[in-house]
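Student: One structure follows; several queries about it will come next.
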Amino acid sequence: QNQIEKHNDSLLTSHQRKLSFLKEDWAHVDVESVIQKLVDFQIAIPSWALGTGGTRFGRFAITGGEPRTIEEKIEDVGLLHALNGASGAISLHIPWDIPQNAEELKTLASGYGLKFDAMNSNTFQDQAGAAHSYKFGSLQNVNKDVRKQAIEHNIEVIKHGIALGSDALTVWLADGSCFPGQLNFRKAFENTLESLQEIYSALPEDWKMFVEYKAFEPNFYSTTVGDWGQSLLYASKLGKKAYTLVDLGHHLPNANIEQIVALLLMEGKLGGFHFNDSKYGDDDLTAGSIKPYQLFLIFNELVEGMDAKGMNHAKDLGWMIDASHNVKDPLEDLLQSVEAIMIAYAQALLVDRKALNEAQNNNDVAKAQEILQNTFRSDLRALVAEARLRAGAALSPIALYRGLEVRNKLVNHRGNTVATGL
Ligand code: LRH
Ligand code: MN
Ligand code: MN
């Protein structure tokens, strides 16, 4: 906290100048309420993004000092949260993370102001000592014993989550097929639905189940939860605790994700997000690094749709990052992702909804574009920085992270470690 205050003091004059220009420009808007919304907004950090990632061609442990245990992962997220005030939750992946002593972990996390976000199950890899293989799918498998093993794993994950105070389960299935004829699509769907129903019935009353879809990979002919339509079908059949989860990297090229988001929200079936960015497929790049306009357009629909339904922006959907890092320090990368998400959110909050609505009703296409691009092209970074300042975090998180040589300290303390996960 001392270091943060010193850092903030050194940047305060320049920050205040930028903020007062911004406030002048947006004098017609309730900027205070926008800042408060930014303060309230929290984005969960996935435990698997804290180490250096890789591709199926290799993995380079370039950073070192990666977290060796779940406790060290919590410490890392605590550090991010101290720096940006917007990373107040961690999303665990079982069995990459094995929470042995839930009470101790809860105490450790709450000491950093962290909660446990959605729990992720893993039936896309075979686990050591498991009786059955997921080579031909898990919840869809033609063999009932394999399905049973996968169902039991998910129920186990729910139990870990209950002990940690989480309230959601994210199910992502690699299930599908690699070649035509390999799978009976209808039977695969029915098996998957039946398996999900069993998992669903083990959910506590106040829990949500997020059904994450993905167009392809690791299966390259069909995926059994392949798009938002299929996810919505499962979620609708499962019941009111089941929702669709949108991972930005899981679509076919050029998919109109903002439209998907708008319709899922309309149906009350949007559960949450995995933020990342991509140019080609499920690239898991830093949020906003490739298509910041798309990120803004998605937030524009989110804000419009959530406000239309009277939803709480911070609480009613699950906000998570799902990224991987081959060439950057993972902690710097995560700070960049959170910043990009906050900027897109701030831009969406400032869209002149009344004027946009009018332009739409008048079929004034050029005006509608002007309105959207007016906020998108405005530099709102000082608003996000102000939210950080009010949350007791750093005006410039990456500058402080570098200035304090955090990575070197982690390497000194932890050694040249590689984290578990992707
Ligand atoms: C699959 C996915 C899913 C997994 C994570 C590691 O591509 O997006 O959310 O849990 O990556
Ligand atoms: Mn994902
Ligand atoms: Mn993915």
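The values are calculated or read from the model by the stated rules, or taken from the named source; none is laboratory data. Note that the coordinates shown come from a computational prediction; the quantities given were computed from them, not determined experimentally. Glycine also receives a Cβ, built like all others from the backbone with ideal geometry; neighbour counts cover every protein chain displayed.
Student: Check Leu263 against each of (1) within 11 Å of ligand 1 (Cβ to nearest atom); (2) free of Cβ contacts under 8 Å to residues at least 60 places away in the same chain; (3) more than 23 Å from Phe57 (Cα to Cα) and name the one condition it does not meet.
Tutor: Tallying (1) within 11 Å of ligand 1 (Cβ to nearest atom); (2) free of Cβ contacts under 8 Å to residues at least 60 places away in the same chain; (3) more than 23 Å from Phe57 (Cα to Cα), Leu263 fails exactly one: (1).
Student: Continuing with this model, one more query. From the residues in the range 278-294 that are among the aliphatic types (A, V, I, L, M) and within 16 Å of ligand 2 (Cβ to nearest atom), which one is surrounded by the most Cβ atoms within 10 Å (Cβ to Cβ)? Before the answer, list the steps.
Tutor: Step one: filter the range 278-294 for residues among the aliphatic types (A, V, I, L, M), giving 285, 287, 290.
After this cut, where a residue has to be within 16 Å of ligand 2 (Cβ to nearest atom) as well, the list is 285, 287.
Values: Leu285: 23, Ala287: 29.
For the range 278-294, the residue satisfying everything is Ala287.
Student: Sort through Val225, Val246 and tell me the only one that's under 28 Å from Leu372 (Cα atoms), within 15 Å of ligand 2 (Cβ to nearest atom), touching a helix residue (DSSP H, G or I) at 6+ places or on another chain (Cβ under 8 Å) and of a type in the set (Val, Ile, Thr).
Tutor: Values: Val225 fails: under 28 Å from Leu372 (Cα atoms).
Unique residue meeting the criteria: Val246.
Student: Then there is this: Starting from the range 273-293, take each residue that is outside any loop (DSSP other than H, G, I, E, B) and list its partners that are among the small types (Gly, Ala, Ser) and within 13 Å of ligand 1 (Cβ to nearest atom), counting only C-beta distances under 8 angstrom and pairs at least six apart or across chains.
Tutor: Qualifying pairs under 8 Å: Phe273/Gly318; His274/Gly249; Phe275/Ala323; Asp277/Gly249; Leu285/Ser278; Leu285/Ala323.
Student: List pairs: first residue in the range 147-172 and within 11 Å of Met209 (Cβ to Cβ) and of a type in the set (S, T, N, Q), second residue away from ligand 2 (no atom under 16 Å from the Cβ) and in a helix (DSSP H, G or I) anywhere in the structure, Cβ distance under 6 angstrom, at least six positions apart or on different chains.
Tutor: What qualifies is Asn154/Ile199.
Student: Take the residues in the range 314-332 that are surrounded by fewer than 24 Cβ atoms within 10 Å (Cβ to Cβ) and of a type in the set (D, E, K, R), then tell me which one is nearest to Val211 (Cα to Cα).
Tutor: Once the filter is applied, the top-ranked residue is Asp316.
Student: Right, another one. Condition first: assigned to a helix (DSSP H, G or I) and within 30 Å of Glu5 (Cα to Cα). Now tell me which residues in the range 354-390 satisfy that.
Tutor: Matches in the range 354-390: Arg381, Ala382, Leu383, Val384, Ala385, Glu386, Ala387, Arg388, Leu389, Arg390.
Student: Within the range 78-112, take every residue that is among the hydroxyl-bearing types (Ser, Thr, Tyr) and part of a loop (DSSP other than H, G, I, E, B) and give me the one that is nearest to Ala391 (Cα to Cα). Please lay out each step first, then the result.
Tutor: Residues of the range 78-112 among the hydroxyl-bearing types (Ser, Thr, Tyr): 87, 91, 107, 110, 112.
From the residues that got through so far, the ones that are part of a loop (DSSP other than H, G, I, E, B) too are 87, 112.
Details: Ser87: 11, Tyr112: 13 Å.
Selected residue: Ser87.
Student: Looking only at residues that are touching a residue at least 40 places away in the same chain (Cβ under 8 Å) and assigned to a loop (DSSP other than H, G, I, E, B) in the range 113-135, which one is nearest to Leu404 (Cα to Cα)? Even if it seems obvious, please write down each step before you answer.
Tutor: Going through the range 113-135, the residues touching a residue at least 40 places away in the same chain (Cβ under 8 Å) turn out to be 114-121, 123-124, 134.
Those still in the list that are assigned to a loop (DSSP other than H, G, I, E, B) too: 114, 117-118, 121, 123-124, 134.
Values: Leu114: 22, Asp117: 29, Ala118: 31, Ser121: 36, Thr123: 40, Phe124: 39, Tyr134: 45 Å.
So the residue we want is Leu114.
Student: Turning to a different aspect of this structure: Among the residues of the range 252-277, write down those that are among the small types (Gly, Ala, Ser), buried (at least 17 other Cβ atoms within 10 Å of the Cβ) and more than 12 Å from ligand 2 (Cβ to nearest atom).
Tutor: So the first thing to find is which residues in the range 252-277 are among the small types (Gly, Ala, Ser), and the list is 255, 262, 268, 271-272.
Then keep just the ones that are buried (at least 17 other Cβ atoms within 10 Å of the Cβ); that gives 262, 271-272.
Hits for the range 252-277 are Ala262, Gly271.
Student: Do we find a residue being in a loop (DSSP other than H, G, I, E, B), within 16 Å of ligand 1 (Cβ to nearest atom), out of contact with any helix residue (DSSP H, G or I) (no Cβ under 6 Å at 6 or more places or on another chain) and modelled with pLDDT of 95 or more anywhere in the range 228-241? Can you show your working first?
Tutor: Of all residues in the range 228-241, those in a loop (DSSP other than H, G, I, E, B) come to 239-241.
From the residues that got through so far, the ones that are within 16 Å of ligand 1 (Cβ to nearest atom) too are none.
Checking the range 228-241: not a single residue is in a loop (DSSP other than H, G, I, E, B), within 16 Å of ligand 1 (Cβ to nearest atom), out of contact with any helix residue (DSSP H, G or I) (no Cβ under 6 Å at 6 or more places or on another chain) and modelled with pLDDT of 95 or more.
Student: Consider Ala174 carefully, then state whether it is modelled with pLDDT under 95, farther than 30 Å from Gly78 by Cα and not in a helix (DSSP H, G or I). Walk me through it before giving the result.
Tutor: Details: modelled with pLDDT under 95: no; farther than 30 Å from Gly78 by Cα: yes; not in a helix (DSSP H, G or I): yes.
In short, no.
Student: If you don't mind, another one. State which residue pairs qualify: first residue at positive phi and inside the range 89-105, second residue of a type in the set (A, V, I, L, M) and in a loop (DSSP other than H, G, I, E, B) in any location, beta carbons under 6 Å apart, and separation of 6 or more residues or different chains.
Tutor: none
Student: When you go through (1) surrounded by fewer than 17 Cβ atoms within 10 Å (Cβ to Cβ); (2) at pLDDT below 95; (3) hydroxyl-bearing (Ser, Thr, Tyr) one by one for Thr52, which number turns out not to apply?
Tutor: Looking at each condition in turn, Thr52 falls short on (1).
Student: Within the range 142-171, track down each residue that is more than 24 Å from Lys241 (Cβ to Cβ) and either in a loop (DSSP other than H, G, I, E, B) or among the polar types (S, T, N, Q) (or both). So that I can check it myself, show each step before the final result.
Tutor: Taking the range 142-171 first, the residues more than 24 Å from Lys241 (Cβ to Cβ) are 142-146.
The answer is Val142, Asn143.
Student: All but one of (1) among the polar types (S, T, N, Q); (2) touching a Leu at 6+ places or on another chain (Cβ under 6 Å); (3) over 26 Å from Phe376 (Cβ atoms) hold for Ser87, so report the exception by its number.
Tutor: (3)
Student: Any idea which residue in the range 358-382 is farthest from Ala61 (Cα to Cα), counting only those that are touching a residue at least 24 places away in the same chain (Cβ under 8 Å) and touching a Leu at 6+ places or on another chain (Cβ under 6 Å)?
Tutor: Thr375
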